[in-house]
Protein chains: 2
Amino acid sequence: MKFFINETDQIVNEAINGLLTNPKLAKLDSFPEVRVVIRKDWDKSKVAIISGGGSGHEPAHAGFVGKGMLTAAICGDIFASPTVDAVLSAILAATGPKGCLLIIKNYTGDRLNFGLAAEQARALGLDVKTVTVDDDIALGNDVKKRGLAGTLFVHKIAGQLAEEGKSLDEIAVAAQKVIDSTASIGLSLTEVFHLGQETVSRLTDQQVELGLGIHGEPGIEVVAYAPADQLMALAIDKLEANLPGKNGRYAMIFNNMGSVSPIEMSLLVNSFSKTKLAEQIDYMIGPGALMSSINMSGFSVSVLLLNEEFEKALLAPAEPSSWQVQSFKKPATISSPKLPETMPYEASANSGVQKLIEEVAGLLVAIEKEINGLDAKVGDGDAGSTFALAGKRLQAVVAKLPLNDTGKLLLTLGRILAREAGGSSGVLLSILFTAAGNAYSKNPDLGKALVEGLQKVKDYGGAEKGDRTMIDALQPAFESLAKKESLAIAAQQARDGADNTKNIINTKFGRSSYLSEAVLRNIPDPGAEVIARVFEKIASL
Amino acid sequence: MKFFINETDQIVNEAINGLLTNPKLAKLDSFPEVRVVIRKDWDKSKVAIISGGGSGHEPAHAGFVGKGMLTAAICGDIFASPTVDAVLSAILAATGPKGCLLIIKNYTGDRLNFGLAAEQARALGLDVKTVTVDDDIALGNDVKKRGLAGTLFVHKIAGQLAEEGKSLDEIAVAAQKVIDSTASIGLSLTEVFHLGQETVSRLTDQQVELGLGIHGEPGIEVVAYAPADQLMALAIDKLEANLPGKNGRYAMIFNNMGSVSPIEMSLLVNSFSKTKLAEQIDYMIGPGALMSSINMSGFSVSVLLLNEEFEKALLAPAEPSSWQVQSFKKPATISSPKLPETMPYEASANSGVQKLIEEVAGLLVAIEKEINGLDAKVGDGDAGSTFALAGKRLQAVVAKLPLNDTGKLLLTLGRILAREAGGSSGVLLSILFTAAGNAYSKNPDLGKALVEGLQKVKDYGGAEKGDRTMIDALQPAFESLAKKESLAIAAQQARDGADNTKNIINTKFGRSSYLSEAVLRNIPDPGAEVIARVFEKIASL
């Protein structure tokens, strides 16, 4: 596997420096021996909220340092607890007369190192309290539980209470209550692939893991790979069996463990919304990477049983941008506008125009095979069929057209082509007629309207005259009409333009750009050829 | 590869429904035939800002619908333009008397379908303008350019100007100016792996692609895999050669193409910060997945040449949570607090205490091999060495200790153990003495202080009496001391506790939990045995 890294022993330091491009954060100058990220504006006037642990869980924890969440975070090596000295440095740097709360995830290394640092800080006269987060319910509620993404609920609520000026005692009590009201479960398609290491997966393509830790350790169960809805139901069943509270309202952290693509995360939210638990969710934080496990292709769901105090603190704004709360509801719909009819205008008679359309339509049908043959040499061989399809449709509807109103007729032709003709040429001709109709309704000059329509074809289609497309025939013919020249002259212009495409052998546009000179020479562009034939037919009437 | 999906033809619909758990959004009820996501609170009183395109770029575009950015987004199939009818539905649903701006990414399908829908909407009397984003500079500035993540600058600035009540003409002019001031480049370790499909990589482990599109098409160049700093420099060199403006100030979108892990994204920001261009960056949006390419393991960097109008509009708050701006600076440091000395207290003499420490230290050194031998049967064989190390350190410093002040002596022992003794037992004994010292300074009762210290060991360490640890010897001995019983009785309690660990064969705590009954039976816990020996030694003095 390939990774974006330099030296493996610098990954954590470099990632922290990347985070520190945010000028609201600072590091202690004992970095990198001691890795402490701290609010740059911190003045010790309130209770400090400190957390941390091994790295590899980005944005946790340093990414949650900021007003309203953490005051400081200590970053260990990948998946390894920071040292006692590092934790003590953070406590000493952040703690003022109001004291500090250490939020510890329930792993032996963290408990010991944070715990000892807390004792040492107390020996120095600081007021330090600790809470230990154990939101993991992979093995049920009674067994040794790990600290997972639910830890972020503690960061947010403790951080907000501190911001509001609450005392350390009040905050510690609330934080413990948050911990007692939180449960998390995770599921992953893959394990962690350590950066810069070759890793052989312990899972087959038919296995996934349920009940994850966040340090690459095996999940509690290996279960069979299944559709997303089933995997989600499996995880949520487990969570529901170990929910804090019953029939309560919950906030949810919807966590990407590292490498699930954004479209899959959205799809997983939809899978979740089909579970019974979804009806009890009022707020969602995520979906997004919040407590990752490097690059695990998995998710975790953490819930917090809400009360008024928690809800208020969760919804309060906080500086860390990774913390984003949305209300969680069923998808809402609003009425779709009625799309216009293909032929909204009243039919009107004009025998000349009718004959013209019938003749052109007949021509398009008649030359289908010939034009397909031409297209087979320089394209995919269906240009004749595309035009023939349009011709047949015109034959079917000609009597219902607003034949005696040029503007409406142009718009109607545009609509028919949009719905009935295939491929880019159908859309391009539809743009031509629709834009020409729009122009004609402002200034009833057919030649100029067609030139204006063609300009839109160029704008949206990207081709210019000389790019070996039907524009090479359309443009000179339309410009001739705009100059009030005769149909015969316009037809001659179209013919010259189409014939000239035989010599265009070096174009950067469209399919022609992929073909060799030898293939293209002496073959006209099929679209331009059709246009020339149409003009010749009209001029002959 | 495994993916979180159900049916492949439902991926887009399900992902949109996941997004729509956000109650500020709604879908048109023609969903899923027509996939339009629209602001639920939209009242058509301002200019509508509409974008969209193929899916697979989440959160773009539907994830950027919200006050201050898009009014509505149209979602095609994966990497495929939405139909003309879908775009027209969005225009009709969102556009009021102030008109609408369509923001189109420069791909033929999008240009044609959005373009035709715009023409049709104009035919219905709506005021529609379009802009086409071509921020890609992979092939330089003069060649056909694609629309990449720079499109989001247009969403944000047009969205903000609309929110401020600007006219369609003003917004369209500004949007075009944004497009002319934006450039993007990307680099990826992998191509796109289509969800639900087996994919063989076109790249080896030694190849990466520079100059990406966002639809799985090959990059402009295959370059050699290299450290992150070098790959970043390669991409940024290309960007700098095609920068809009010179010596300007820029905002930057730092985009995850889908599956780069969060720690790698932070590391890449650090790589970027080493380039010359970094000095010209004032703001960063990201790092995060903003315009993804399903699960490409790559990044893109987009820059916008700032002016006063753009800067103000970029920084204005917007509802979509994926849009988060931070100032971009060099990492800041603040002074690290001085850590306390290991032995901050003045030495004081007390011959009885000195003898006690010397005797205990001598014992710990003397029994090193014996305890290691015991530990080899039930652990990793180093318990004796850990205690001996502490013993040697005590021998070295005993004369410098505050021997005549019990509280300070306990705290100093805690500090020495934290710095000098290894392993969890070192940290645990350090916690014991530090917490006991803290307790003694409040209430000078040694027995009670030791009991209180032991409670912290249990709290942080997680073991209880009966878990086959040194607590089994410490607890009865300390409780005996707290009851003012004689040292002889306390020593007997420690001995009984240690001996009793030979019968504890079924524990859920620590290493013992992995060992079989046959291995554990009749072997005492080595830590508990050391404690019993220490108490026996003290009682014998």
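Some notes on this structure:
- Low-density loop cleavage sites - trypsin sites (Lys or Arg not before Pro) in segment B:242-331, where at most 11 other Cβ are within 10 Å (DSSP): B:Lys246
- In this structure, the amide hydrogen of B:Thr190, modeled 1.01 Å from its nitrogen in the peptide plane, lies closer than 5 angstrom to those of B:Ser297, counting only residues at least 5 positions away or on a different chain.
- Using Cβ point charges alone (K and R +1, D and E -1), the dipole size of chain A about the Cα centre works out to roughly 1280 debye.
- Unit Cα scatterers, Debye sum, chain A: log10 I(q)/I(0) for q = 0.07, 0.08, 0.09, 0.10 Å⁻¹: -0.63, -0.70, -0.74, -0.78
- Distance from the C-alpha centroid of segment A:98-156 to that of segment A:45-83: 12 Å, rounded to the whole angstrom.
- Projecting 7 Å from Cα along the Cα-to-Cβ direction, the label point of B:Asn141 sits 6.6 nm from its equivalents in the other copies, listed shortest first.
- Dipole of segment A:345-475 computed with +1 at Lys/Arg Cβ and -1 at Asp/Glu Cβ about the Cα centre; of A:Ile431, A:Ser351, A:Ile471, farthest Cα towards the positive end is A:Ser351.
- Mean partner shielding of peptide B:267-279, defined as the number of other chain Cβ atoms within 10 Å of each residue Cβ, is 4.
- For the protein assembly as shown, size of Cβ-based charge dipole, Lys and Arg +1, Asp and Glu -1, in debye: 1520
- Amide H to amide H distances under 5 Å link B:Ala48 with B:Gly96, B:Gly99, B:Cys100, B:Leu101, where only residues 5 or more positions off or on other chains count and H is placed in the peptide plane.
- Distance (nanometres) between label positions extended 7 Å along Cα→Cβ at B:Lys276 and B:Val222: 3.1
- Note on A:Arg249 and A:Asp43: the model spin-label points, each 7 Å out from Cα along the C-beta direction, lie 3.6 nm apart.
- Label reach from B:Glu7 (point 7 Å along Cα→C-beta): in segment B:70-84, amide nitrogens under 17 Å belong to B:77-78.
- With all pairs of different C-alpha atoms in the average, the Kirkwood value for the hydrodynamic radius of segment B:355-443 is 13.4 Å.
- Hydrodynamic radius by Kirkwood, which averages 1/r over all alpha carbon pairs of segment A:351-540, in angstrom: 16.5
- Residues of type lysines that B:Lys377 reaches as a straight line, Cα spacing below 16 Å, ignoring anything fewer than 8 places off in the same chain: B:Lys369, B:Lys502
- Qualifying GluC sites (Glu not before Pro) in segment A:384-489, DSSP loop, other Cβ atoms within 10 Å at most 13: A:Glu464
- Shielding by partners, peptide A:253-261 (average Cβ within 10 angstrom, other chains): 5
- Whole-number Å³ per residue for the convex hull built on Cα positions in segment B:1-113: 103
- For the protein assembly as shown, the C-alpha radius of gyration divided by 2.2 N^0.38 Å, with N the number of residues, is 1.15.
- Distant-in-sequence amide H partners of B:Glu221 (H built 1.01 Å from N, under 5 Å): B:Leu210
- Inter-chain Cβ neighbour count for A:119-131, averaged per residue, equals 5 (cutoff 10 Å, partner chain atoms only).
- Of the trypsin sites (Lys or Arg not before Pro) in segment B:93-150, those whose Cβ has at most 16 other Cβ within 10 Å and which sit in DSSP loop: B:Lys144
- Computed label-point distance, nm, for sites B:Glu33 and A:Glu370 using a 7 Å Cα→Cβ extension: 3.9
- Buried accessible surface for the B/A pair, both sides summed and rounded to the nearest 100, is 9300 Å² with a 1.4 Å probe.
- Principal-axis tilt of helix B:487-500 within chain B, Cα atoms, nearest 10 degrees: 60
- As a rough guide to protection, the peptides A:467-476, B:359-368 ranked by mean Cβ packing within 10 Å, highest first, stand as A:467-476, B:359-368.
- Here the sum of -39500 (n - 2.57) over DSSP H runs of 4 or more residues, divided by the residues of chain B, equals -13500 deg cm²/dmol at 222 nm, to the nearest 500.
- Dipole of segment B:8-327 computed with +1 at Lys/Arg Cβ and -1 at Asp/Glu Cβ about the Cα centre; of B:Gln120, B:Ser55, B:Met252, farthest Cα towards the positive end is B:Gln120.
- Inter-copy label distances at B:Lys465, shortest first and taken from points set 7 Å along Cα to Cβ: 10.1 nm.
- For segment A:415-501, the Cα gyration tensor yields ellipsoid semi-axes of 19, 17, 11 Å (square root of five times each eigenvalue, largest first, whole Å).
- Residue-level result for chain B: its Cβ closest to the axis carrying B onto A, with that distance in Å, is B:Ser259, 2.
- Nearby lysines by direct alpha-carbon distance to A:Lys456 (threshold 17 angstrom, same-chain neighbours under 8 apart not counted): A:Lys442, A:Lys448, A:Lys465, B:Lys105, B:Lys129
- By DSSP, the beta bridges lying fully in chain A are antiparallel in about 55 percent of cases.
- D (Stokes-Einstein, µm²/s), Kirkwood Cα radius, segment A:226-283, 0.890 mPa s at 25 °C: 202
- Selection from B:Leu409, A:Ile367, B:Pro337, by position along the positive dipole direction of the protein assembly as shown (Cβ): B:Pro337
- Computed over segment B:351-540, relative contact order equals 20 percent, with contacts defined as Cα pairs under 8 Å that lie 6+ residues apart.
- Taking the convex hull of Cα positions in segment A:8-327, its mean projected area over all directions (nm²): 14.9
- Dipole magnitude for segment A:1-60: computed about the Cα centre from +1 point charges on Lys and Arg Cβ and -1 point charges on Asp and Glu Cβ, it is near 320 debye.
- Pairwise FRET efficiency - A:Asp77 versus B:Lys392, Cβ, R0 = 22 Å, nearest 0.05: 0.20
- Contact order normalised by residue count of segment B:303-448, Cα under 8 Å, 6+ apart, percent: 21
- Relative intensity of segment A:252-309 on a log10 scale, I(q)/I(0) at q = 0.26, 0.27, 0.28, 0.30 Å⁻¹, equals -1.05, -1.11, -1.16, -1.26, per a Debye sum over C-alpha point scatterers of equal strength in the absence of solvent.
- Inter-copy label distances for B:Asp237: 5.6 nm (label point placed 7 Å from Cα along Cα→Cβ; shortest first).
- Bins of 10 Å from zero: percent of alpha-carbon pairs in segment B:142-231: 14, 33, 26, 18, 9, 0
- Partners for A:Lys24 among lysines (Cα-Cα distance below 18 Å; same-chain residues under 8 apart left out): A:Lys40, A:Lys44, A:Lys46, A:Lys67, A:Lys156, B:Lys329, B:Lys330
The values are calculated or read from the model by the stated rules, or taken from the named source; none is laboratory data. Because the structure is predicted, anything quoted here is derived from the model rather than measured. Note: ideal-geometry Cβ built from the backbone for every residue, glycine included; neighbour counts use all protein chains shown. To get the accessible areas, we keep the full protein, side chains included, count just its heavy atoms, and leave off ligands, DNA and RNA. Shrake-Rupley method; radii C 1.70, N 1.55, O 1.52, S 1.80 Å.
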